[in-house]
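Take a look at the structure below.
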Amino acid sequence: MNIAKIMIPKALTVVLEATSTVRQGLEIMKRHGYTAIPVLDDQGLYLGCVTEGDFLRHILATGTTDMREQEKYSIGSIFREEFCPALGITATDQQVIDSILKQNFVPIVDDRGCLCGILTRRAVIVTLAERLGAAVS
């Protein structure tokens, strides 16, 4: 599977930096309607993903939904690094399939660990269907 050909490149992917505020993360998630967003450090290294559940746990822990209060907290303090592990750009078909079965998208990183883009479940299914000669709409 040619990951580079079917992934959504980083330039077209919504990401957050670990130093972004929780308020910024909530606003971006609301605007785009995503349930998870990749988190990067200031060098572009992939750290993990922040999810709706991470925001909910944070709000329950702080006891407030006031957006001004959320400016005091960073995304780096609420996301789970182990959630949504990345694959390398040269991952095998089996590695891609194993990962995409567990999550809606797979972050793709280069040899340095920098995010290159994301591979969506839909893109993988379309690619596999095309290999089988199935019509895809």
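Just so it is clear, none of the values below were taken in a lab; they were calculated from the coordinates. All values derive from a computational prediction rather than experimental measurement. A quick note on method: Cβ atoms are made from the backbone with ideal geometry, for glycine too, and the neighbour counts reach across all protein chains shown.
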Problem set entry | Per residue Cα convex hull volume in Å³ - calculated over segment 17-86 | 79
Problem set entry | Spatial separation of Cα centroids for segment 10-35 and segment 62-90, in angstrom | 10
Exercise. Which distance in nm do the two modelled labels at GLU130 and ARG57 give, with both placed 7 Å along the Cα-to-Cβ direction?
Worked result: 3.7
For this session: Determine Rg/Rh for segment 64-137; Rg is computed over alpha-carbon atoms and Rh is the Kirkwood hydrodynamic estimate from the same atoms.
Result: 1.15
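ALA129: net charge of surrounding residues, Cβ under 13 Å, Lys/Arg +1, Asp/Glu -1, itself excluded? Could the numbers behind the result be given before it?
On the way: positive: ARG121, ARG122, ARG131; negative: GLU130.
That sum, taken over residues with Cβ under 13 Å, equals +2.
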Seminar exercise, completed: Helix 22-32: inclination vs the chain longest Cα principal axis, degrees, rounded to 10, gives 40
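Which net charge results when you count Lys and Arg as +1 and Asp and Glu as -1 among the other residues whose beta-carbon is under 10 Å from that of ARG23?
-2
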Seminar exercise, completed: Applied in sequence order to segment 83-88, the curve 6.51 cos²θ - 1.76 cosθ + 1.60 (Karplus, θ = phi - 60°) yields integer Hz couplings, x standing for Gly and Pro, of 7, 6, x, 8, 10, x
Exercise. What residues have an amide H closer than 5 Å to that of VAL50, excluding those fewer than 5 places away on the same chain, when H is modeled at 1.01 Å from N in the peptide plane?
Worked result: ILE37, VAL39
Exercise. Based on the alpha-carbon gyration tensor of segment 3-132, what equivalent-ellipsoid semi-axes (square roots of 5 times the eigenvalues) come out, in whole Å, largest first?
Worked result: 29, 15, 12
Problem set entry | Surrounding net charge for ASN104, when Lys and Arg each add one and Asp and Glu each subtract one, Cβ distance under 15 Å | +1
Exercise. At what distance in nm do the modelled label points of THR120 and THR90 sit from each other, each positioned 7 Å from its Cα along Cα→Cβ?
Worked result: 2.8
Exercise. What ranking, highest mean first, results for peptides 25-34, 59-68 when packing means the other Cβ atoms within 10 Å averaged over each residue?
Worked result: 25-34, 59-68
Problem set entry | Using alpha-carbon coordinates, inclination of helix 121-132 to the longest axis of the chain, degrees | 0
